[in-house]
Structures are given as C-alpha cells and as structure tokens.
Amino acid sequence: MPAETHLFLCLKDNFGVLLHDPSTGATAAIDAPEAAPVEAALAAKGWRLTDILVTHHHADHTAGIAELKAKHKCRVIAPHDKAAKIPAVDVRVGEGDTVTVGSLTARVLETPGHTLDHVSYWFEQDKIAFVADTLFSVGCGRVIEGNAGMMWDSLLKLRKLPDDTQLYCGHEYTAANVRFALTIEPDNAALRARADQVSKQIAQKQPTIPTTIRAEKSYNPFLRADIASVAAGLGMDGANAASVFATIRGKKDKF
Ligand SMILES: [Zn+2]
C-alpha cells in the first residue's frame, strides 16, 4: 500500500510532516520542531507515532523530540551530529544507509552545507524525499556550516533523483524565494507561472509544497547554476557552476 503523508505548520514557518504506512500502521514524524502540533496532527489522523526521522541538529527541527519520545516511546533516527545536539537518538545514520518505517524504506542521502550533519530521506518506491533545509521550493538553505561547493554538490545529488519525486522541505519560504528568483531569471516562463501559483496558494492559505524535482529544475535558480543563460545573466559566462551557485547564494543572503 502506498505511503500517506500529512503536512502541517509548526512554529512560525516550519513544516511538520507525518509519513504513514497503512499496511503496518507505522508513522514517522520528519523532524519535530515542537511537540504540540505533531500531537495534534497525530490525533487528527488517528495515527500512532513509531519513529522520528531527524534531518539535522537545528533546534527548530529537534525541540519536540524529547517530549514526543517520552510519550510515544518512538524510535529516534538521526545523522551523526558531531556536537551531539540532537536529543534521545536511538539510531545514527549516514550516506547509503536504509531506514524503515513499517514496510516503507528510505535511503539516507548526506546533503551537507546548511549544516555539516544534514541528511535527506529518500523513499524511492513511494517517490517521496524529505529534504528539510537543503532544498526549498524555488530556494535552498542558507550555507551556515559548510561551504558553497559542498552545498552545490548536495543539491546536485538531490537533482539526480527521479523527476516525479515529491519533495517535502523544512520551511514555508516559497513566496520570498520566488521574489528573489525573479531577480535572477526574470524571463523564465516556468518561474513566472510558479509565481502566479504561489500567490494563489498563499492567498488561499494552502501550503506551497510538496513540490517535485521536475518543477524545481525548471525554476529554482539554485538548481540552475550550471545553465549557461543563468551564468550569463550574472556576467559569469564560462564560470564553474559552484562559483555561480556561490554568487546566487550570496545575493540571496543580502536580498
Ligand atoms: Zn536548519
């Protein structure tokens, strides 16, 4: 049976998401920004929390873990965060490891840059990837602990996933990301269409995700740093993609 997901907002602009396996009843929370909205989402769906899949150590992704684990006795799966800031971890995972949620299986992809420990969880069979603060719709995470080359490599790793992969990211930043992206590619028709769609989604208080690899490839400037017209628009003809990416990221940081 195919996986089910349930998306909801936490804190100010974090997404919480539950992944449910109907054949076993197992349910994972992807990160735990705070406990109460996760509890409310579980109650709304009538699902029982069995696992928490943690993407990285930032507090706005981990603050709810201890409380949820104490109540649900769920398993906590997390990357190897060097500073050990992620609480109550049961299983540490890294590149290529597999993680199961009931009968659902994910492959762990290390996607460092935003933090050094950041991982994404790719449920290949269900065509779902949880990419948290590495890749946003029409944007990407701030490069806080790594460097631009590392982040570009992580984005390339995600870009290679199948086009129809549904992407769940960590924050609702899409409207601001669209405004910035239009300064990089003002004539990109796919981006302009996405801008219209996002305006409607926000006006209707709908989330702007999940998105797909196919869609992001067409309008996310951070996945398009190796496209000649993007480099040319920045006056960087012939520059290597990682440095074009670094320039776009630098502009976004000041936007
Ligand atoms: Zn973060």
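Would you mind classifying the chain by shape? Square roots of the alpha carbon gyration tensor eigenvalues, ordered a ≥ b ≥ c; an a/c under 1.5 is rounded, otherwise it is prolate if a/b is larger than b/c and oblate if not.
In terms of gyration-tensor shape, prolate.
Going by the alpha-carbon gyration tensor, a ≥ b ≥ c the square roots of its eigenvalues, is segment 136-255 rounded (a/c under 1.5) or, if a/c is not under 1.5, prolate (a/b greater than b/c) versus oblate?
prolate
Compute the long axis of helix 174-184 from its Cα atoms, compare it with the longest principal axis of the Cα atoms of the chain, and write down the angle in degrees, 0 to 90, nearest 10.
For helix 174-184, the angle is close to 20 degrees.
Against the longest principal axis of the chain, how steep is helix 189-203, in degrees 0 to 90 to the nearest 10, with axes from Cα atoms?
Taking the Cα atoms of the chain, the angle to 189-203 is about 40 degrees.
For segment 18-35, in order, what is each residue's ³J(HN,Hα) by Karplus, 6.51 cos²θ - 1.76 cosθ + 1.60 with θ = phi - 60°, in whole Hz (x at glycine and Pro)?
Here the 3J(HN,Hα) series is 10, 10, 10, 9, x, 6, 10, x, 5, 9, 10, 9, 8, 6, 8, x, 7, 6 Hz.
For residue 23 paired with residue 200, estimate the spin-label separation in nm (one decimal), with each label point 7 Å from Cα along the Cα-to-Cβ line.
Placing both labels 7 Å beyond Cα along the Cβ direction yields 3.6 nm.
Taking the simple approach of a point 7 Å from Cα along Cα-to-Cβ for both residue 187 and residue 227, what is their distance in nm?
It is 1.3 nm.
Evaluate the distance, in nm, between pseudo-label points positioned 7 Å from the Cα of residue 214 and of residue 90 along their respective Cα→Cβ axes.
3.7
Can you spot the lysines whose alpha carbon is less than 20 Å from residue 252's alpha carbon? Ignore those fewer than 8 places along the same chain.
Excluding near neighbours in sequence, the set is 217.
Per 0.36 nm of contour for each residue apart, how much would the distance between residue 180 and residue 1 grow if the chain were fully extended, relative to their Cα-Cα spacing?
60.5 nm
Return the FRET efficiency for the residue pair residue 44, residue 160: r is the Cβ-Cβ distance, R0 is 45 Å, and the value is rounded to the nearest 0.05.
0.80
Pop the C-beta distance of residue 255 and residue 9 into the FRET formula with R0 = 35 Å and round what comes out to the nearest 0.05.
That pair, residue 255 with residue 9, gives E of 0.90.
Residues with amide H under 5 Å of residue 9's amide H, sequence separation 5 or more or different chain, H placed in the peptide plane at 1.01 Å from N; which?
Here the answer is 16, since their amide H atoms fall under 5 Å of that of residue 9.
By how many degrees, 0 to 90 and rounded to 10, does the Cα axis of helix 148-159 deviate from the longest principal axis of the chain?
It is inclined by approximately 70 degrees.
Rg to Rh for segment 4-102: what is it, with Cα atoms only and Rh by Kirkwood?
A ratio of 0.94.
Give me the net charge of residue 2's neighbourhood, meaning all other residues with Cβ under 14 Å from the Cβ of residue 2; Lys, Arg count +1, Asp, Glu -1.
Cβ neighbours under 14 Å give a net charge of -4.
Would you mind telling me the antiparallel percentage of the DSSP bridges in segment 35-117, rounded to 5?
Taking every DSSP beta bridge with both residues in segment 35-117, the antiparallel ones total about 40 percent.
Give the percent of DSSP beta bridges with both residues in the chain that are antiparallel, rounded to the nearest 5.
Within the chain, antiparallel bridges account for around 70 percent of the total.
Please give the length that would be gained between residue 70 and residue 125 if that part of the chain were fully extended, namely 0.36 nm times their separation in residues minus their C-alpha to C-alpha distance (nm, one decimal).
Extra length from residue 70 to residue 125 when fully extended: 16.7 nm.
Rule-of-thumb check for segment 52-131: C-alpha Rg over 2.2 N^0.38 Å?
Dividing the Cα radius of gyration by 2.2 N^0.38 Å gives 1.04.
Residue by residue, what Karplus-based ³J(HN,Hα) values in Hz, rounded to whole numbers, does segment 240-255 have, using 6.51, -1.76 and 1.60 with θ = phi - 60° and x for Gly and Pro?
In residue order, the calculated couplings are 6, 4, 4, 6, 5, 4, 4, 5, 4, 4, x, 5, 5, 4, 9, 5 Hz.
Could you work out [θ]222 nm for the chain from helices alone, using -39500 (n - 2.57) per DSSP H run of at least four and dividing by all its residues? Round to the nearest 500 deg cm²/dmol.
Only helices count here, giving -10000 deg cm²/dmol.
Read-outs: derived from the displayed coordinates by stated rules, not from any lab. The shown structure was predicted, so the numbers you read here are calculated from the model rather than taken from an experiment. Every residue, glycine as well, gets a Cβ built from its backbone with ideal geometry; the counts of neighbours run over all protein chains shown.
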